[in-house]
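The values are calculated or read from the model by the stated rules, or taken from the named source; none is laboratory data. Computed from a prediction, not measured in an experiment: that's the story for all the values here. Reconstructed Cβ throughout: ideal geometry from the backbone, glycine too, with neighbour counts over all protein chains shown.
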Amino acid sequence: MTALPRDLAVMALCEPQRVAELDLATWSLLIRQARQAGVLARIALNCDAAGLTAQLPAPAKAHLQAARTLAAAQHFEMAREVRFIQQALAPLGLPVLLLKGAAYLMHGLDATRGRSFSDVDILVPKARIHEVEAALMLQGWITTHHSAYDQRYYREWMHELPPMEHLRRQSVLDVHHTILPETARLRPDPSKLMASAQPVPGLPGVMTLAPADMVLHSMTHLFHNDDLSHGLRDLSDLDLLLRQFAADAGFWTALVERSREMDLARPLHYGLRCTRHILGTPVPDTALAAAAAAAPAGPVARLMDALWWRALRSQHSTAAPPFTAAALFLLYVRAHWLRMPPLLLVRHLCVKALRLNEEDPKPA
């Protein structure tokens, strides 16, 4: 048996056939790492697709079956929630433009396979966001983060309303009016995303972003996020999206051109580089080179590689390479630096540190 890598979850995603080599002790590590990263159900379905499940130890099969069952239940609940949102917004004449996981699910994309969910994300025009909020409240969704500071943080500076939670179902809904904070350094135009949106077959009034925009949004979310606890899951989403959309011969050229048009060339560079390096995504050299035009200068590029290589893996203690904690901290600082101008950022971090949100002690 060849030597096993430290990050077994990445190995199982890239080379599912190798899981047949594992003993029970190693399976225990793999299950813990994969569960921490949110990819256990995806690994279970990969084992099924490769015809390996029958060969696996019984205790491992039990964990994989539980992960499949949970993912299937989440998918059912997500599809049901999308229909409730559609009904709530129908009187406004607005389509439900789904983002991220809900979009993958309702469009039947490969990235749905074994994916875990925590909320629904939708995109609406900023000019109508108050109508949308009111319509959702009439159907039982209520806003969270009630302190005056948190409300201002979301409504004045961010790209979304405070998360909304349904009173009965406890489902969480994020209502976006663009894909990056209003105060962020990059400024993609949400009207262009909406203009290129595509309908979901068989579900009138529900739409998703076009393929290139879907990939760019996924990359932008991942590479501007301050919470990378599910970074490997999101990177795996990107891997599956890229593999599926690459069937269109013009996809790679369109993706690079769209990234420049939308001011998202840097996230595209990181996304293509990381998916190919970590998960072996078959990104053409021409696309990688074109995206690299937006790369940072040499020393910074090498530093960012070192950070991303550590952060976008399972963060279980048995999988994390040396200096992972430092990498996550630096990327947390970077995410906030990209989100706000310096003075506003200092003020925001001081408020969080001093816990001035007396009504709601949770930080924004």
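Hey, A72 hits all of (1) surrounded by 13 or more Cβ atoms within 10 Å (Cβ to Cβ); (2) under 27 Å from R243 (Cα atoms); (3) without any contact (Cβ under 8 Å) to a residue 12 or more places away in the chain but one; which does it fall short on?
Here A72 meets the rest and fails (1).
Can you pull out the residues in the range 66-90 that are of a type in the set (A, V, I, L, M, F, W, C) and under 17 Å from G114 (Cβ atoms)?
A66, A67, L70, A71, A72, A73, F76, M78, A79
Anything in the range 246-283 that is under 18 Å from E15 (Cα atoms) and hydroxyl-bearing (S, T, Y)? List them, or say none.
Passing the criteria: T275, T281.
Quick check, is R243 over 30 Å from V10 (Cβ atoms) and either in contact (Cβ under 8 Å) with a residue 12 or more places away in the chain or in a helix (DSSP H, G or I) (or both)?
So R243 fails the test.
Among the residues of the range 162-181, are any hydrophobic (A, V, I, L, M, F, W, C), surrounded by fewer than 18 Cβ atoms within 10 Å (Cβ to Cβ) and more than 25 Å from H75 (Cβ to Cβ)?
Checking the range 162-181: not a single residue is hydrophobic (A, V, I, L, M, F, W, C), surrounded by fewer than 18 Cβ atoms within 10 Å (Cβ to Cβ) and more than 25 Å from H75 (Cβ to Cβ).
Hey, among L238, L232, L216, which residue is in contact (Cβ under 8 Å) with a residue 40 or more places away in the chain, touching a Gly at 6+ places or on another chain (Cβ under 7 Å), closer than 21 Å to T275 by Cα and of a type in the set (A, V, I, L, M)?
L238
Name the residues in the range 183-204 that are within 18 Å of R266 (Cα to Cα) and surrounded by fewer than 19 Cβ atoms within 10 Å (Cβ to Cβ), would you?
If the condition is that a residue be within 18 Å of R266 (Cα to Cα) and surrounded by fewer than 19 Cβ atoms within 10 Å (Cβ to Cβ), then T183, R185, L186, R187, D189 are the ones that fit.
Please specify each residue of the range 205-218 satisfying the condition of being part of a loop (DSSP other than H, G, I, E, B) and either buried (at least 24 other Cβ atoms within 10 Å of the Cβ) or in contact with a Pro (Cβ under 9 Å, 6 or more places away or on another chain) (or both).
The answer is G205, L209.
Would you check which residues across the range 32-62 are in contact with a Phe, Trp or Tyr (Cβ under 8 Å, 6 or more places away or on another chain) and either among the hydroxyl-bearing types (S, T, Y) or surrounded by fewer than 19 Cβ atoms within 10 Å (Cβ to Cβ) (or both) and list them?
L56, P57, P59
Starting from the range 43-65, keep only residues that are farther than 21 Å from S116 by Cβ, then list their pairs with residues that are of a type in the set (D, E, K, R) and part of a helix (DSSP H, G or I) whose Cβ atoms are within a distance under 9 Å, requiring at least 6 positions of separation or different chains.
Pairs that qualify, where the first residue is farther than 21 Å from S116 by Cβ and the partner is of a type in the set (D, E, K, R) and part of a helix (DSSP H, G or I), are A54/K61.
So that you can scan it fast, the table gives a plain yes or no per residue for (1) hydrophobic (A, V, I, L, M, F, W, C); (2) surrounded by 14 or more Cβ atoms within 10 Å (Cβ to Cβ); (3) more than 18 Å from S236 (Cβ to Cβ):
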site: A287; (1), (2), (3): yes, yes, yes
site: A293; (1), (2), (3): yes, no, yes
site: A297; (1), (2), (3): yes, no, yes
site: A311; (1), (2), (3): yes, yes, no
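Looking at (1) in contact with an Asp or Glu (Cβ under 7 Å, 6 or more places away or on another chain); (2) modelled with pLDDT of 95 or more, find the lone condition where L30 falls short.
Failed condition: (1).
Report the residue count in the range 124-146 for those that are in contact with an Asp or Glu (Cβ under 8 Å, 6 or more places away or on another chain) and either in a helix (DSSP H, G or I) or buried (at least 18 other Cβ atoms within 10 Å of the Cβ) (or both).
The total comes to 3.
Which condition from (1) free of Cβ contacts under 8 Å to residues at least 24 places away in the same chain; (2) buried (at least 17 other Cβ atoms within 10 Å of the Cβ) is the one that I85 breaks?
(1)
Given the conditions (1) within 27 Å of L345 (Cβ to Cβ); (2) at pLDDT 95 or above; (3) polar (S, T, N, Q), and given that T112 satisfies all but one, which numbered condition is not satisfied?
(1)
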